[in-house]
Amino acid sequence: MSDGQIMTVPTEGGSYRKHESAYVDDGAVVGADTRIWHFSHVMPGAHIGARCSIGQNVNVGGKAVLGDGVKVQNNVSIYDDVVIEDDVFCGPSMVFTNVINPRAFVERKAEYLRTLVRRGASIGANATVVCGVTLGEYSFVGAGAVVTKDVPPYALVYGNPARVRGWMCRCGTRLDANQRCPACGKSYRRAGGTEADGLTEEKA
């Protein structure tokens, strides 16, 4: 890919870069130092934060919101009413939805359900996130999972339907039986009385 195929576009606080085959419609907001790659389309009204990476063949709906530092891999569509907080990873070809009971011949735009992906979460390749759920902060959705209900903070989920199979450190390493990270040494504890409350970091 030659430098001539990359366009630098002024934006608030600096500029962002996009491939000449990508479309960013008037009315979309893109943060500084974000990169938008081949054949992607950002719709009017979409909001993308700073330092994001938007891969090839990505569609961002007009009511979608992405925070700062989000990485969206190839072939992902982020539909209206999907809200993604800072530092989230969306793996290749993972799927969001926004209607729970679609019919081609029934108009349901007034029935979109909000999907919220909290800070630092990771969603693996080819996973499906059914609309109306919340993925907790630093949660980890395994490749190919089908998420049908809320995911607790720091939970590792996979399968169809996705279920809690363990717990993950902020750094992306699976915690041991004592809720301690073998890689970075952080310790965690239950945030509440049930599994659904997830974990919280122990203070040093």
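Share of antiparallel DSSP beta bridges in the chain, in percent to the nearest 5?
Given both bridge residues lie in the chain, the antiparallel proportion sits at roughly 30 percent.
What Kirkwood hydrodynamic radius, in Å, does the chain give when the mean of 1/r is taken over all pairs of distinct Cα atoms and then inverted?
Working: mean 1/r = 0.0566 Å⁻¹.
Value: 17.7 Å, from the Cα pair sum.
If Lys and Arg each add +1 and Asp and Glu each add -1, what is the summed charge of the other residues whose beta carbon sits under 10 Å from the beta carbon of Gly55?
Details: positive: Arg35, Lys71; negative: none.
Computed value for this residue: +2.
What does the charge count around Ala183 come to, taking other residues whose C-beta lies under 13 Å from its C-beta (Lys +1, Arg +1, Asp -1, Glu -1)?
Every neighbour counted, the sum reads +3.
Using alpha-carbon positions, what is the distance between the centroids of segment 128-166 and segment 175-204, in Å?
17 Å
Compute the projected area of the convex hull of the Cα atoms of segment 99-187, averaged over all viewing directions, and report it in nm² to one decimal place.
Mean shadow area of the hull around the Cα atoms is 6.2 nm².
Report the local net charge at Glu111: Lys and Arg +1, Asp and Glu -1, summed over other residues whose C-beta lies under 12 Å from its C-beta.
Details: positive: Arg103, Arg108, Lys109, Arg114; negative: Asp80, Asp81, Glu107.
Net charge around Glu111: +1.
Suppose a student asked you for the relative contact order of segment 1-109, using Cα pairs under 8 Å spaced at least 6 residues apart; what percent would you report?
Details: 300 pairs, mean separation 17.3, N = 109.
Reported as a whole number, the value is 16 percent.
What distance in nm separates the two pseudo spin-label positions at Phe39 and Val164, each 7 Å out from Cα along the beta-carbon direction?
Output for this residue pair reads 4.0 nm.
Of Lys18/Lys149; Lys149/Lys203; Lys149/Lys186; Lys71/Lys203, which pairs sit farther than 31 Å apart, going by alpha carbon to alpha carbon?
Lys18/Lys149
Just so you know, all these numbers are worked out from the coordinates, no wet-lab data involved. Fair warning: this is a prediction, and the values are worked out from it, not measured in the lab. In this analysis, Cβ positions are derived from the backbone assuming ideal geometry, glycine residues included, and neighbour counts consider all displayed protein chains.
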